[in-house]
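Encoded as structure tokens, the structure appears first; notes follow it.
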Amino acid sequence: MKKLLYTMIAMSLMTFAITSCDNGNADFDVVDVAPVISIADPGNVIQGAAVNIEVSFTDGSENLSQSTLASASYDLVTGGNSVASGTFTVSGRTATGTVTIAGGLAAGDYTLSVTATDSNGNADTESFDFSVTSDFSVGIIGSATPTGWDSDTDLNFVTGTQYEITIALTAGEAKFRSNDDWGQNWGDGAFPTGTGTQDGANIPIATAGTYLVTFDTATGAYSFTAQ
């Protein structure tokens, strides 16, 4: 009988607590949590193409007065090295932002980490892994190169349409071509700088040495800088 009486009293007190709130709503303690971060899948990312990754942030509750977004940042890493980082502009309960790499990325595996902090100091980090693929290569070939006219030595992707390599050359000739094939090749009779054109002349390498070689597939511009 006493147990039943205690139960009835407890239920009465709970009903009173709920119905006596000034705003007519139940007054519950709410645990303030860190912002929720959502990173959109960028899909098939190709080397050299512009990268845009959408990120969204949510903090607090729509119906309760809690913290708001205060700051957010990102870091893009490959092979243990950071290749891009920055901040987002955030405020209120929800916000969106975009990680943009206008010059594209080299082929490889990447991790994008996004951190958000709210006005109460709660913070969280979300990470997303993606890969960049490439079906396009740029090589240098010719009697001045280590493998002669037999095969290409591939240049390294830099950004957008720019490639480069540091390479030891002998006196001789060279040309640039794509995908180890003569279907697309660039040459010109000028050295150490020039503008290569399709099926242009062989580039004369007058002096043997180690060179930083740069090439732009969009313009055909090239340079050989002695190191």
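In this structure, F130 qualifies as more than 18 Å from F215 (Cα to Cα), surrounded by 14 or more Cβ atoms within 10 Å (Cβ to Cβ) and among the aromatic types (F, W, Y).
Only one of the numbered conditions (1) at pLDDT 95 or above; (2) in contact with an Asp or Glu (Cβ under 9 Å, 6 or more places away or on another chain) is not met by T161, and that is (1).
Only residues that are part of a loop (DSSP other than H, G, I, E, B), farther than 21 Å from S127 by Cβ and either modelled with pLDDT of 95 or more or not small (G, A, S) (or both) were counted across segment 48-88, and they come to 4.
Scanning segment 173-193 for residues that are open to solvent by less than 20 Å² (accessible area, probe 1.4 Å) and small (G, A, S) yields A174, S178, G187.
Condition check for S67 on (1) surrounded by 16 or more Cβ atoms within 10 Å (Cβ to Cβ); (2) more than 30 Å from T159 (Cβ to Cβ); (3) touching a residue at least 60 places away in the same chain (Cβ under 8 Å): one failure, at (3). Taken together, the residues in segment 79-102 that are over 10 Å from the mean Cα position of the chain (by Cα) and surrounded by 16 or more Cβ atoms within 10 Å (Cβ to Cβ) amount to 6.
Sub-9 Å Cβ pairs linking a first residue in segment 120-147 that is on the phi > 0 side of the Ramachandran plot to a second residue that is assigned to a loop (DSSP other than H, G, I, E, B), at least 6 apart or interchain, are G121/S67; G142/G148; G142/W149; G142/N202, ordered by first then second residue.
One residue stands out among those in segment 134-157 that are at pLDDT 95 or above and open to solvent by 60 Å² or more (accessible area, probe 1.4 Å): the one that is nearest to V36 (Cα to Cα), which is N156.
The values are calculated or read from the model by the stated rules, or taken from the named source; none is laboratory data. In this text, all values refer to a predicted model and were calculated from it rather than measured experimentally. So basically every Cβ, Gly included, is an ideal-geometry build from the backbone, and we count neighbours across all protein chains shown. Note: accessible area is taken over every heavy atom of the protein model, side chains too, but ligands, DNA and RNA are not part of it. Shrake-Rupley method; radii C 1.70, N 1.55, O 1.52, S 1.80 Å.
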